[in-house]
Amino acid sequence: MAQHVKLNPAALEELRTINPRLVSYNVEMTEVTGGTFWKAYTDAQIDGTEQVPPPDFSKGMAAMHQWYDPIDTTNPRLRKLAKALGSAWVRVSGTWATKTYYDFEGKGTAPEGYQNCLSKQQWLNLLDFVKAVDGKLLISVANCQGLHSADEPWNPSQAEQIFRLSTEYGVPIEAVEFTNEPNMMEMTGFPKGYTPEHFRRDQDLFHKWVRTNYPDCLVVGPCTCDPSAMMDGDSTSAGIANVMPTCTTAQLMDGCTEKLDVFSYHYYNGVSERMAAMMPAAYSPESEAMSEGYLGMAGKCARAFAPQRDKYCPGGEMWVTESGDAGAGGHTWASTYLEVPRTLNEFAHFTTITNGVIFHNTLASSDYGYLKHGTFVPRPSYFAALLWTRLMGTTVYATAEPLREGAHVYAHSRKDGKEGVVYLVINTSWTETTTVELPKAAEVYALTGNGKMRSRTMLLNGTELVLGEGDALPEMTGKAVEAGVLEVAPGSCTFIVM
(Lines give C-alpha, C1' and ligand atoms only; values in the text may rest on other atoms or scores of the structure.)
Protein backbone atom coordinates (compact mmCIF):
# COMPACT_ATOMS: atom_id res chain seq x y z
CA MET A 1 0.00 0.00 0.00
CA ALA A 2 1.41 3.41 -1.01
CA GLN A 3 1.97 5.82 1.86
CA HIS A 4 1.57 9.59 2.14
CA VAL A 5 3.48 11.60 4.75
CA LYS A 6 2.82 15.24 5.58
CA LEU A 7 5.81 16.89 7.28
CA ASN A 8 5.04 19.49 9.94
CA PRO A 9 8.23 20.78 11.62
CA ALA A 10 6.26 23.12 13.89
CA ALA A 11 4.52 20.15 15.54
CA LEU A 12 7.68 18.20 16.41
CA GLU A 13 8.23 17.39 20.09
CA GLU A 14 11.76 17.17 21.48
CA LEU A 15 12.61 13.76 22.92
CA ARG A 16 16.25 14.02 24.03
CA THR A 17 19.77 15.12 23.24
CA ILE A 18 22.03 12.24 22.25
CA ASN A 19 25.73 11.42 22.43
CA PRO A 20 27.53 13.13 19.51
CA ARG A 21 29.58 9.94 18.99
CA LEU A 22 26.50 7.81 18.31
CA VAL A 23 28.12 6.51 15.11
CA SER A 24 31.17 4.58 16.30
CA TYR A 25 32.84 1.33 15.29
CA ASN A 26 34.92 -1.71 16.18
CA VAL A 27 38.45 -2.52 15.09
CA GLU A 28 38.56 -6.10 16.36
CA MET A 29 41.66 -7.30 18.19
CA THR A 30 41.93 -10.05 15.58
CA GLU A 31 42.33 -7.29 12.97
CA VAL A 32 45.15 -5.68 14.93
CA THR A 33 47.13 -8.87 15.61
CA GLY A 34 46.03 -10.97 12.66
CA GLY A 35 43.81 -13.95 13.29
CA THR A 36 40.64 -15.72 12.31
CA PHE A 37 37.40 -13.96 11.46
CA TRP A 38 34.29 -14.68 9.40
CA LYS A 39 34.82 -16.17 5.95
CA ALA A 40 34.36 -13.80 3.04
CA TYR A 41 31.42 -14.48 0.74
CA THR A 42 31.96 -15.14 -2.95
CA ASP A 43 30.82 -12.60 -5.55
CA ALA A 44 28.00 -14.93 -6.58
CA GLN A 45 26.84 -15.28 -2.97
CA ILE A 46 26.83 -11.48 -2.60
CA ASP A 47 24.82 -11.17 -5.81
CA GLY A 48 22.34 -13.74 -4.48
CA THR A 49 22.92 -16.20 -7.30
CA GLU A 50 24.75 -18.81 -5.21
CA GLN A 51 23.64 -20.28 -1.90
CA VAL A 52 25.87 -20.39 1.15
CA PRO A 53 26.48 -24.03 2.10
CA PRO A 54 25.75 -24.89 5.74
CA PRO A 55 28.97 -25.21 7.76
CA ASP A 56 30.29 -28.45 9.17
CA PHE A 57 29.66 -27.84 12.86
CA SER A 58 31.72 -30.87 13.77
CA LYS A 59 34.64 -28.49 13.17
CA GLY A 60 33.20 -25.90 15.55
CA MET A 61 33.49 -22.18 14.75
CA ALA A 62 36.47 -22.92 12.49
CA ALA A 63 33.98 -24.06 9.87
CA MET A 64 32.84 -20.45 9.45
CA HIS A 65 36.20 -18.67 9.87
CA GLN A 66 39.31 -18.00 7.82
CA TRP A 67 42.71 -16.49 8.61
CA TYR A 68 43.32 -12.79 7.97
CA ASP A 69 46.63 -10.97 8.28
CA PRO A 70 46.64 -7.81 10.43
CA ILE A 71 45.03 -4.79 8.81
CA ASP A 72 47.34 -1.85 8.18
CA THR A 73 46.14 0.79 10.63
CA THR A 74 48.71 3.21 9.15
CA ASN A 75 47.03 3.07 5.73
CA PRO A 76 46.22 6.63 4.55
CA ARG A 77 42.90 5.62 2.94
CA LEU A 78 41.75 3.85 6.10
CA ARG A 79 42.63 6.83 8.27
CA LYS A 80 41.09 9.35 5.89
CA LEU A 81 37.78 7.52 5.63
CA ALA A 82 37.59 6.85 9.38
CA LYS A 83 38.33 10.49 10.19
CA ALA A 84 35.62 11.62 7.79
CA LEU A 85 33.04 9.92 10.03
CA GLY A 86 33.92 12.42 12.74
CA SER A 87 35.11 11.91 16.27
CA ALA A 88 34.02 8.43 17.30
CA TRP A 89 34.65 5.76 19.88
CA VAL A 90 37.02 3.08 18.58
CA ARG A 91 36.48 -0.29 20.27
CA VAL A 92 39.30 -2.85 20.20
CA SER A 93 37.81 -6.05 21.58
CA GLY A 94 36.10 -9.18 20.34
CA THR A 95 36.52 -12.79 21.39
CA TRP A 96 40.14 -12.69 20.21
CA ALA A 97 40.94 -10.00 22.82
CA THR A 98 40.03 -12.27 25.74
CA LYS A 99 42.93 -14.58 24.85
CA THR A 100 45.51 -12.01 23.66
CA TYR A 101 48.93 -11.75 25.32
CA TYR A 102 50.46 -8.28 25.37
CA ASP A 103 53.93 -9.05 24.05
CA PHE A 104 55.39 -5.59 24.61
CA GLU A 105 58.84 -6.99 25.38
CA GLY A 106 59.12 -8.68 21.99
CA LYS A 107 59.27 -12.33 23.05
CA GLY A 108 57.47 -13.35 19.87
CA THR A 109 55.38 -16.12 21.37
CA ALA A 110 52.45 -16.25 23.77
CA PRO A 111 52.71 -18.24 27.00
CA GLU A 112 50.60 -21.37 27.32
CA GLY A 113 46.95 -20.56 27.88
CA TYR A 114 46.90 -17.59 25.47
CA GLN A 115 45.92 -17.78 21.83
CA ASN A 116 47.89 -14.97 20.21
CA CYS A 117 50.27 -12.04 20.74
CA LEU A 118 49.80 -8.29 20.44
CA SER A 119 53.16 -6.67 19.68
CA LYS A 120 54.13 -3.26 20.99
CA GLN A 121 54.36 -1.84 17.46
CA GLN A 122 50.93 -3.16 16.54
CA TRP A 123 49.45 -1.42 19.56
CA LEU A 124 51.34 1.83 18.94
CA ASN A 125 50.09 1.82 15.34
CA LEU A 126 46.56 1.38 16.64
CA LEU A 127 47.04 4.24 19.10
CA ASP A 128 48.33 6.41 16.25
CA PHE A 129 45.20 5.51 14.28
CA VAL A 130 42.94 6.55 17.17
CA LYS A 131 44.81 9.84 17.47
CA ALA A 132 44.73 10.46 13.71
CA VAL A 133 40.95 10.03 13.49
CA ASP A 134 40.25 12.06 16.66
CA GLY A 135 38.88 8.96 18.33
CA LYS A 136 38.33 7.81 21.88
CA LEU A 137 39.54 4.35 22.84
CA LEU A 138 37.50 1.53 24.39
CA ILE A 139 39.03 -1.92 24.96
CA SER A 140 38.45 -5.19 26.77
CA VAL A 141 41.25 -7.13 28.45
CA ALA A 142 42.66 -10.63 28.67
CA ASN A 143 40.88 -13.10 30.94
CA CYS A 144 41.97 -16.59 29.96
CA GLN A 145 43.74 -19.72 31.21
CA GLY A 146 47.12 -18.13 30.54
CA LEU A 147 46.42 -15.34 33.02
CA HIS A 148 44.81 -17.37 35.81
CA SER A 149 42.78 -20.48 36.51
CA ALA A 150 39.09 -20.37 37.33
CA ASP A 151 39.83 -20.89 41.03
CA GLU A 152 42.41 -18.09 41.07
CA PRO A 153 41.19 -14.47 41.11
CA TRP A 154 41.85 -12.31 38.05
CA ASN A 155 45.08 -10.31 38.34
CA PRO A 156 46.15 -7.07 36.64
CA SER A 157 49.57 -8.22 35.36
CA GLN A 158 48.45 -7.96 31.73
CA ALA A 159 45.96 -5.11 32.00
CA GLU A 160 48.45 -2.80 33.65
CA GLN A 161 50.79 -3.14 30.66
CA ILE A 162 48.29 -2.02 28.03
CA PHE A 163 46.86 0.75 30.23
CA ARG A 164 50.33 2.07 31.09
CA LEU A 165 51.66 2.01 27.53
CA SER A 166 48.54 3.74 26.18
CA THR A 167 48.69 6.45 28.83
CA GLU A 168 52.40 7.07 28.37
CA TYR A 169 51.93 7.29 24.60
CA GLY A 170 49.30 9.99 25.00
CA VAL A 171 46.28 7.99 23.86
CA PRO A 172 44.70 6.80 27.10
CA ILE A 173 42.11 4.08 27.35
CA GLU A 174 39.02 6.16 28.07
CA ALA A 175 36.51 3.34 28.49
CA VAL A 176 36.81 -0.36 29.18
CA GLU A 177 34.71 -3.52 29.20
CA PHE A 178 36.07 -6.41 31.23
CA THR A 179 35.53 -9.05 28.53
CA ASN A 180 33.69 -9.55 25.27
CA GLU A 181 30.37 -11.42 25.40
CA PRO A 182 30.90 -13.10 28.77
CA ASN A 183 27.57 -14.90 28.46
CA MET A 184 29.23 -17.16 25.86
CA MET A 185 31.51 -18.44 28.64
CA GLU A 186 33.45 -21.30 27.01
CA MET A 187 33.57 -19.78 23.53
CA THR A 188 34.77 -16.39 24.71
CA GLY A 189 37.96 -18.00 26.05
CA PHE A 190 37.60 -17.93 29.82
CA PRO A 191 39.66 -20.25 32.04
CA LYS A 192 38.53 -23.87 32.14
CA GLY A 193 35.62 -24.42 34.50
CA TYR A 194 34.73 -20.72 34.62
CA THR A 195 31.24 -19.92 35.92
CA PRO A 196 29.09 -16.79 36.29
CA GLU A 197 30.18 -16.68 39.94
CA HIS A 198 33.82 -16.53 38.85
CA PHE A 199 32.94 -13.79 36.39
CA ARG A 200 31.21 -11.66 39.05
CA ARG A 201 34.23 -12.02 41.33
CA ASP A 202 36.68 -11.04 38.60
CA GLN A 203 34.67 -8.23 37.05
CA ASP A 204 34.45 -6.58 40.46
CA LEU A 205 38.21 -7.01 40.94
CA PHE A 206 38.89 -5.49 37.53
CA HIS A 207 36.54 -2.56 38.02
CA LYS A 208 38.08 -1.77 41.41
CA TRP A 209 41.53 -1.88 39.83
CA VAL A 210 40.47 0.50 37.05
CA ARG A 211 38.88 2.97 39.44
CA THR A 212 41.89 2.94 41.74
CA ASN A 213 44.49 3.40 39.01
CA TYR A 214 42.62 5.08 36.14
CA PRO A 215 39.69 6.90 37.70
CA ASP A 216 38.88 8.86 34.52
CA CYS A 217 38.28 5.66 32.55
CA LEU A 218 34.60 4.75 32.08
CA VAL A 219 33.62 1.30 33.33
CA VAL A 220 31.34 -0.26 30.69
CA GLY A 221 29.55 -3.59 30.82
CA PRO A 222 28.51 -6.32 30.87
CA CYS A 223 28.91 -6.48 27.06
CA THR A 224 26.51 -9.39 26.66
CA CYS A 225 24.88 -10.93 23.62
CA ASP A 226 21.88 -12.23 25.50
CA PRO A 227 19.55 -14.17 23.16
CA SER A 228 16.76 -14.28 25.72
CA ALA A 229 16.46 -10.50 25.38
CA MET A 230 17.00 -10.37 21.63
CA MET A 231 14.54 -12.86 20.20
CA ASP A 232 11.05 -14.18 20.74
CA GLY A 233 10.61 -17.79 21.78
CA ASP A 234 13.08 -20.37 22.97
CA SER A 235 14.29 -21.71 19.63
CA THR A 236 17.00 -19.09 19.15
CA SER A 237 18.60 -19.42 22.54
CA ALA A 238 18.29 -23.19 22.34
CA GLY A 239 20.15 -23.13 19.05
CA ILE A 240 23.02 -21.18 20.56
CA ALA A 241 23.05 -23.46 23.58
CA ASN A 242 23.47 -26.44 21.26
CA VAL A 243 26.79 -24.98 20.15
CA MET A 244 28.10 -23.50 23.39
CA PRO A 245 27.09 -23.04 27.03
CA THR A 246 25.47 -19.66 27.70
CA CYS A 247 24.19 -17.69 30.66
CA THR A 248 22.01 -14.61 31.09
CA THR A 249 22.89 -11.01 31.86
CA ALA A 250 21.27 -11.40 35.27
CA GLN A 251 23.47 -14.38 36.12
CA LEU A 252 26.53 -12.30 35.28
CA MET A 253 25.48 -9.14 37.09
CA ASP A 254 23.30 -9.98 40.09
CA GLY A 255 25.51 -9.71 43.16
CA CYS A 256 28.22 -7.52 41.61
CA THR A 257 29.30 -4.77 44.00
CA GLU A 258 30.99 -2.42 41.52
CA LYS A 259 28.49 -0.30 39.62
CA LEU A 260 28.76 0.43 35.91
CA ASP A 261 29.24 3.86 34.37
CA VAL A 262 27.70 2.70 31.08
CA PHE A 263 25.51 -0.32 30.28
CA SER A 264 26.52 -2.26 27.16
CA TYR A 265 25.05 -5.06 25.08
CA HIS A 266 25.35 -6.55 21.59
CA TYR A 267 22.66 -6.58 18.95
CA TYR A 268 22.37 -8.21 15.53
CA ASN A 269 19.36 -8.81 13.32
CA GLY A 270 19.38 -12.53 13.99
CA VAL A 271 21.92 -14.77 12.27
CA SER A 272 23.29 -14.94 8.75
CA GLU A 273 22.89 -17.67 6.15
CA ARG A 274 25.82 -19.51 7.73
CA MET A 275 23.78 -20.47 10.79
CA ALA A 276 20.30 -20.52 9.23
CA ALA A 277 20.06 -24.30 9.17
CA MET A 278 20.85 -24.58 12.88
CA MET A 279 18.86 -21.53 14.02
CA PRO A 280 16.04 -21.06 11.49
CA ALA A 281 13.93 -18.95 13.85
CA ALA A 282 16.73 -16.35 14.05
CA TYR A 283 17.29 -16.13 10.30
CA SER A 284 15.64 -13.62 7.97
CA PRO A 285 15.82 -14.19 4.19
CA GLU A 286 16.35 -11.35 1.72
CA SER A 287 12.61 -10.99 1.22
CA GLU A 288 12.32 -9.84 4.85
CA ALA A 289 15.24 -7.38 4.80
CA MET A 290 12.88 -4.39 4.88
CA SER A 291 10.10 -5.99 6.91
CA GLU A 292 8.83 -4.40 10.10
CA GLY A 293 10.03 -7.38 12.13
CA TYR A 294 13.54 -7.22 10.73
CA LEU A 295 14.01 -3.44 10.87
CA GLY A 296 12.29 -3.28 14.24
CA MET A 297 14.91 -5.45 15.93
CA ALA A 298 17.12 -2.50 16.90
CA GLY A 299 14.29 -0.85 18.78
CA LYS A 300 13.10 -4.13 20.24
CA CYS A 301 16.52 -4.84 21.69
CA ALA A 302 16.90 -1.32 23.05
CA ARG A 303 13.56 -1.61 24.83
CA ALA A 304 14.41 -5.10 26.10
CA PHE A 305 17.78 -4.07 27.55
CA ALA A 306 16.61 -0.71 28.97
CA PRO A 307 15.21 -2.29 32.18
CA GLN A 308 18.54 -4.06 32.69
CA ARG A 309 20.33 -0.74 32.18
CA ASP A 310 18.03 0.84 34.74
CA LYS A 311 18.78 -1.99 37.16
CA TYR A 312 22.56 -2.24 36.79
CA CYS A 313 23.40 1.30 35.65
CA PRO A 314 20.57 3.64 36.65
CA GLY A 315 20.76 6.95 34.82
CA GLY A 316 23.56 5.74 32.55
CA GLU A 317 23.82 5.63 28.80
CA MET A 318 23.23 2.45 26.84
CA TRP A 319 26.00 1.46 24.41
CA VAL A 320 25.60 -1.17 21.72
CA THR A 321 29.24 -2.20 21.64
CA GLU A 322 28.71 -4.58 18.73
CA SER A 323 26.09 -4.15 16.07
CA GLY A 324 25.71 -5.17 12.46
CA ASP A 325 23.62 -6.79 9.82
CA ALA A 326 23.52 -10.29 11.32
CA GLY A 327 25.43 -12.57 13.63
CA ALA A 328 28.03 -14.94 12.13
CA GLY A 329 29.57 -12.35 9.84
CA GLY A 330 26.53 -10.75 8.27
CA HIS A 331 24.12 -11.70 5.52
CA THR A 332 25.34 -12.10 1.97
CA TRP A 333 23.85 -8.67 1.20
CA ALA A 334 25.62 -6.90 4.08
CA SER A 335 28.12 -5.26 1.71
CA THR A 336 25.40 -4.01 -0.68
CA TYR A 337 22.87 -1.22 -0.75
CA LEU A 338 20.26 -3.51 0.84
CA GLU A 339 22.09 -3.02 4.16
CA VAL A 340 21.54 0.77 4.06
CA PRO A 341 17.87 0.87 5.17
CA ARG A 342 18.75 -1.31 8.19
CA THR A 343 21.80 0.79 9.07
CA LEU A 344 20.01 4.13 8.98
CA ASN A 345 16.88 2.77 10.63
CA GLU A 346 19.02 1.42 13.48
CA PHE A 347 20.59 4.82 14.20
CA ALA A 348 17.26 6.60 14.00
CA HIS A 349 15.08 4.11 15.87
CA PHE A 350 17.61 3.67 18.70
CA THR A 351 17.75 7.43 19.34
CA THR A 352 13.98 7.64 19.71
CA ILE A 353 14.24 5.19 22.63
CA THR A 354 17.41 6.11 24.52
CA ASN A 355 20.77 7.89 24.49
CA GLY A 356 24.01 6.09 23.79
CA VAL A 357 26.55 4.92 21.24
CA ILE A 358 26.33 2.28 18.50
CA PHE A 359 29.58 0.52 17.57
CA HIS A 360 29.28 -0.90 14.08
CA ASN A 361 31.02 -4.24 13.70
CA THR A 362 33.32 -3.59 11.99
CA LEU A 363 35.08 -0.62 10.44
CA ALA A 364 37.11 -2.65 7.96
CA SER A 365 36.68 -6.40 8.22
CA SER A 366 34.18 -9.05 7.14
CA ASP A 367 31.23 -8.55 4.82
CA TYR A 368 29.42 -6.27 7.25
CA GLY A 369 32.33 -3.84 7.63
CA TYR A 370 31.88 -0.25 6.49
CA LEU A 371 35.04 -0.73 4.42
CA LYS A 372 36.18 -3.78 2.45
CA HIS A 373 38.91 -5.72 4.19
CA GLY A 374 42.37 -5.09 2.74
CA THR A 375 41.46 -2.49 0.12
CA PHE A 376 39.38 -0.26 2.43
CA VAL A 377 37.02 0.54 -0.44
CA PRO A 378 33.91 2.10 1.13
CA ARG A 379 30.65 0.21 0.94
CA PRO A 380 27.16 1.72 0.71
CA SER A 381 26.70 1.48 4.48
CA TYR A 382 29.82 3.64 4.96
CA PHE A 383 28.43 6.44 2.83
CA ALA A 384 25.08 6.15 4.61
CA ALA A 385 26.81 6.53 7.99
CA LEU A 386 28.89 9.42 6.62
CA LEU A 387 25.81 11.27 5.41
CA TRP A 388 24.13 10.71 8.79
CA THR A 389 27.11 12.22 10.64
CA ARG A 390 27.11 15.23 8.31
CA LEU A 391 23.40 15.99 8.47
CA MET A 392 21.80 14.70 11.68
CA GLY A 393 22.21 16.76 14.83
CA THR A 394 22.01 15.60 18.43
CA THR A 395 18.47 16.75 19.26
CA VAL A 396 15.92 14.02 18.57
CA TYR A 397 12.26 14.75 17.87
CA ALA A 398 9.09 12.70 17.94
CA THR A 399 7.41 12.93 14.54
CA ALA A 400 4.01 11.45 15.55
CA GLU A 401 4.30 9.25 12.45
CA PRO A 402 3.82 5.55 13.29
CA LEU A 403 6.38 3.20 11.81
CA ARG A 404 4.76 1.30 8.97
CA GLU A 405 5.60 -0.32 5.66
CA GLY A 406 6.66 2.39 3.27
CA ALA A 407 7.11 5.12 5.87
CA HIS A 408 9.70 5.14 8.64
CA VAL A 409 9.91 8.84 9.48
CA TYR A 410 12.46 10.30 11.92
CA ALA A 411 13.60 13.83 12.73
CA HIS A 412 16.70 15.43 14.27
CA SER A 413 18.13 18.90 14.59
CA ARG A 414 20.50 20.09 11.88
CA LYS A 415 24.15 19.10 12.30
CA ASP A 416 25.30 22.46 10.89
CA GLY A 417 23.77 24.22 13.88
CA LYS A 418 21.36 26.25 11.78
CA GLU A 419 17.76 26.62 12.81
CA GLY A 420 15.59 23.94 11.31
CA VAL A 421 15.22 20.19 11.17
CA VAL A 422 16.40 17.15 9.22
CA TYR A 423 13.92 14.40 8.40
CA LEU A 424 14.89 10.88 7.44
CA VAL A 425 12.23 9.03 5.45
CA ILE A 426 12.88 5.36 4.73
CA ASN A 427 10.53 3.77 2.21
CA THR A 428 10.52 0.13 3.29
CA SER A 429 8.24 -0.98 0.49
CA TRP A 430 9.78 -3.05 -2.30
CA THR A 431 7.29 -1.80 -4.90
CA GLU A 432 5.31 1.28 -3.83
CA THR A 433 6.39 4.93 -4.01
CA THR A 434 5.85 7.01 -0.87
CA THR A 435 4.77 10.63 -1.29
CA VAL A 436 6.00 13.27 1.15
CA GLU A 437 4.30 16.64 1.41
CA LEU A 438 6.86 19.40 2.04
CA PRO A 439 5.54 22.54 3.75
CA LYS A 440 8.45 24.63 2.40
CA ALA A 441 11.58 24.45 0.29
CA ALA A 442 14.17 21.89 1.32
CA GLU A 443 17.41 20.17 0.41
CA VAL A 444 16.94 16.49 -0.45
CA TYR A 445 19.51 13.69 -0.24
CA ALA A 446 17.97 10.58 -1.80
CA LEU A 447 19.91 7.31 -1.42
CA THR A 448 19.10 4.43 -3.75
CA GLY A 449 20.72 1.27 -5.03
CA ASN A 450 22.61 1.46 -8.31
CA GLY A 451 19.98 -0.34 -10.37
CA LYS A 452 19.21 -3.03 -7.79
CA MET A 453 18.93 -3.48 -4.04
CA ARG A 454 21.99 -5.77 -3.94
CA SER A 455 24.11 -3.14 -5.66
CA ARG A 456 27.78 -2.87 -4.58
CA THR A 457 27.56 0.91 -4.93
CA MET A 458 24.95 3.50 -3.97
CA LEU A 459 23.49 6.55 -5.70
CA LEU A 460 22.94 9.96 -4.09
CA ASN A 461 20.35 11.91 -6.06
CA GLY A 462 21.21 9.67 -9.00
CA THR A 463 25.00 10.06 -8.79
CA GLU A 464 27.19 7.08 -7.87
CA LEU A 465 29.14 7.43 -4.65
CA VAL A 466 32.70 6.23 -5.20
CA LEU A 467 36.12 7.52 -4.26
CA GLY A 468 37.81 9.88 -6.69
CA GLU A 469 41.44 10.48 -7.58
CA GLY A 470 43.69 10.40 -4.54
CA ASP A 471 40.86 8.81 -2.53
CA ALA A 472 38.88 12.02 -2.69
CA LEU A 473 35.45 11.64 -1.15
CA PRO A 474 32.61 12.25 -3.60
CA GLU A 475 30.54 15.39 -3.46
CA MET A 476 27.57 14.70 -1.21
CA THR A 477 25.36 17.72 -1.79
CA GLY A 478 21.64 18.01 -1.59
CA LYS A 479 19.16 18.81 -4.31
CA ALA A 480 17.08 21.94 -3.83
CA VAL A 481 13.34 21.32 -4.06
CA GLU A 482 10.38 23.62 -3.65
CA ALA A 483 7.42 23.14 -1.33
CA GLY A 484 5.05 20.52 -2.62
CA VAL A 485 5.00 16.76 -3.05
CA LEU A 486 8.24 14.76 -3.05
CA GLU A 487 8.31 11.17 -4.30
CA VAL A 488 10.42 8.69 -2.29
CA ALA A 489 11.23 5.63 -4.37
CA PRO A 490 10.70 2.04 -3.11
CA GLY A 491 13.58 0.92 -0.91
CA SER A 492 15.16 4.38 -0.80
CA CYS A 493 16.36 6.41 2.18
CA THR A 494 15.87 10.16 1.89
CA PHE A 495 17.20 12.94 4.11
CA ILE A 496 15.18 16.15 3.91
CA VAL A 497 16.82 19.29 5.32
CA MET A 498 14.60 22.30 5.98
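Summary table
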item	result
Odd one out for residue 339 among (1) part of a helix (DSSP H, G or I); (2) farther than 20 Å from residue 282 by Cα; (3) out of contact with any strand residue (DSSP E or B) (no Cβ under 7 Å at 6 or more places or on another chain)	(2)
Residue list for segment 1-31, restricted to those being part of a helix (DSSP H, G or I) and touching a helix residue (DSSP H, G or I) at 6+ places or on another chain (Cβ under 6 Å)	29, 30
When residues of segment 75-91 are limited to those that are more than 26 Å from residue 177 (Cβ to Cβ) and not charged (D, E, K, R), the one surrounded by the most Cβ atoms within 10 Å (Cβ to Cβ)	75
Odd one out for residue 186, checked against (1) in contact with a strand residue (DSSP E or B) (Cβ under 7 Å, 6 or more places away or on another chain); (2) at pLDDT below 95; (3) surrounded by fewer than 20 Cβ atoms within 10 Å (Cβ to Cβ)	(1)
Residue match in segment 355-378 (condition: over 21 Å from residue 302 (Cβ atoms) and assigned to a strand (DSSP E or B))	yes
Residue that is surrounded by the most Cβ atoms within 10 Å (Cβ to Cβ) [pool: residues in segment 361-412 that are among the small types (Gly, Ala, Ser) and over 19 Å from residue 85 (Cβ atoms)]	411
Any hit, segment 322-338, residues being at pLDDT 95 or above and farther than 23 Å from residue 275 by Cα	no
Hey, residue 419 within 30 Å of residue 46 (Cβ to Cβ), among the acidic types (Asp, Glu) and not in a strand (DSSP E or B) or not	no
Which numbered condition residue 159 misses (of (1) of a type in the set (A, V, I, L, M); (2) surrounded by fewer than 22 Cβ atoms within 10 Å (Cβ to Cβ); (3) within 24 Å of residue 121 (Cβ to Cβ))	(2)
Among (1) surrounded by fewer than 17 Cβ atoms within 10 Å (Cβ to Cβ); (2) out of contact with any Leu (no Cβ under 6 Å at 6 or more places or on another chain); (3) at pLDDT 95 or above, the one test that residue 232 misses	(3)
Any hit, segment 24-40, residues being under 30 Å from residue 431 (Cα atoms) and not charged (D, E, K, R)	no
Hits in segment 259-296 (condition: assigned to a strand (DSSP E or B) and either under 30 Å from residue 204 (Cβ atoms) or among the small types (Gly, Ala, Ser) (or both))	262, 263, 264, 265, 266, 267, 268
Residue count, segment 361-413 (criterion: within 26 Å of residue 464 (Cβ to Cβ) and not hydrophobic (A, V, I, L, M, F, W, C))	21
Tally of residues being surrounded by fewer than 21 Cβ atoms within 10 Å (Cβ to Cβ) and among the hydrophobic types (A, V, I, L, M, F, W, C) across segment 306-338	1
Selection count where residues are more than 18 Å from residue 139 (Cβ to Cβ) and part of a loop (DSSP other than H, G, I, E, B), scope segment 52-108	15
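The values are calculated or read from the model by the stated rules, or taken from the named source; none is laboratory data. Since the model is a prediction, treat every value here as computed from it, not as a measurement. FYI the Cβ positions are ideal-geometry reconstructions off the backbone, even for glycines, and counts take in every protein chain you see.
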